[in-house]
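The structure appears right after this line, and notes come after that.
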Amino acid sequence: MMGEHLFTYTNPTNQRHLDQICQVLEEDGLLAIPAGSSWMFCCAATSRKAVARIQKLKPGRAKDKPFSLVCANISMAAQMASIDGQAYRLLNRICPGHFTVLLKSSRMLPKLLKNKRQVVGIRIPDEEIALAVVEHFGKPLVASSIPASADGTLLSMGYAIFEEHGQGLDLVVDMGEELPGSPTTILDMTGHGVEVIREGAGDLSAL
């Protein structure tokens, strides 16, 4: 059964659409949604069923590799990750933006997510609809970038993602815009200082 293709907008955000999206998340649903530099699959971070569905859509991904968490702001991120003064200053400079920051997990994370991982990837995207959804939902989302199609074609438009993955999704949230498909820049702050793990859409001059 195909999911739904929802066209929405911001400025202002459609509250009825936000309610619909969050209802899908509450019911172990799986979304595709714009995330600034690329599209992402996302679901409620507490839904093991939905996380397993993301894994099925990305069979080449290592099963023991944890997914990143999308947060609405630094305050929400601080519930999931241990954020000291240095990390706070960095996040304050680069967020929202095209970065994923690896941090040590907070003491609350195992209880909140039933997950004992030591490191968590935090993302606060530069995308108004994604931030509005997470803020309205009130809890972090698990997220993973949407891969290219089997023939290597970049899926940069909502209709292409719906055609490729509609059977495995509950909802494609579409602003009608094409995204470049660039991955985030990954920064590691689990040790001393900041280590660049992957250069992507995030501008390193912001560091």
| Counting alpha carbon pairs within less than 8 Å and at least 6 residues apart, what relative contact order, in whole percent, applies to the chain? | 33
| task | Quickly work out the N73-to-E4 label distance, labels modelled 7 Å from Cα along the C-beta direction, and quote it in nm with one decimal. | result | 2.9
| Roughly speaking, what is the centre-to-centre gap between the range 143-162 and the range 64-93 when only Cα atoms are used, to the nearest Å? | 27
| note | Summing -39500 (n - 2.57) over every DSSP H run of at least 4 in the chain, dividing by its residue total and rounding to the nearest 500, the 222 nm mean residue ellipticity is -8500 deg cm²/dmol
| said: If the reach is capped at under 17 angstrom between alpha carbons, list the aspartates and glutamates near K56, excluding any in the same chain fewer than eight residues apart. | reply: D28, D64, E163, E164, D170
| Can you list, largest first and rounded to whole Å, the semi-axes you get for the range 101-167 by taking the square root of 5 times each eigenvalue of its Cα gyration tensor? | 29, 16, 12
| Peptide ranges 184-196, 11-23 listed from the most packed, as the mean C-beta count within 10 angstrom indicates | 184-196, 11-23
| task | State whether the range 139-207 is rounded, prolate or oblate according to the following rule on the C-alpha gyration tensor (a ≥ b ≥ c being the square roots of its eigenvalues): a/c under 1.5 gives rounded; otherwise a/b larger than b/c gives prolate, and the remaining case gives oblate. | result | prolate
| note | Packing-ranked peptide list from 76-88, 36-48, highest mean Cβ count within 10 angstrom first, is 36-48, 76-88
| task | With a 10 Å radius around each residue's Cβ, average the other Cβ atoms per peptide and rank 119-125, 144-150, highest first. | result | 119-125, 144-150
| remark: Ratio for the chain, C-alpha Rg to 2.2 N^0.38 Å, reads 0.96
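None of the figures in this text is laboratory data; all of them are computed from the coordinates on show. Model, not experiment: these values are computed from the prediction. Reconstructed Cβ throughout: ideal geometry from the backbone, glycine too, with neighbour counts over all protein chains shown.
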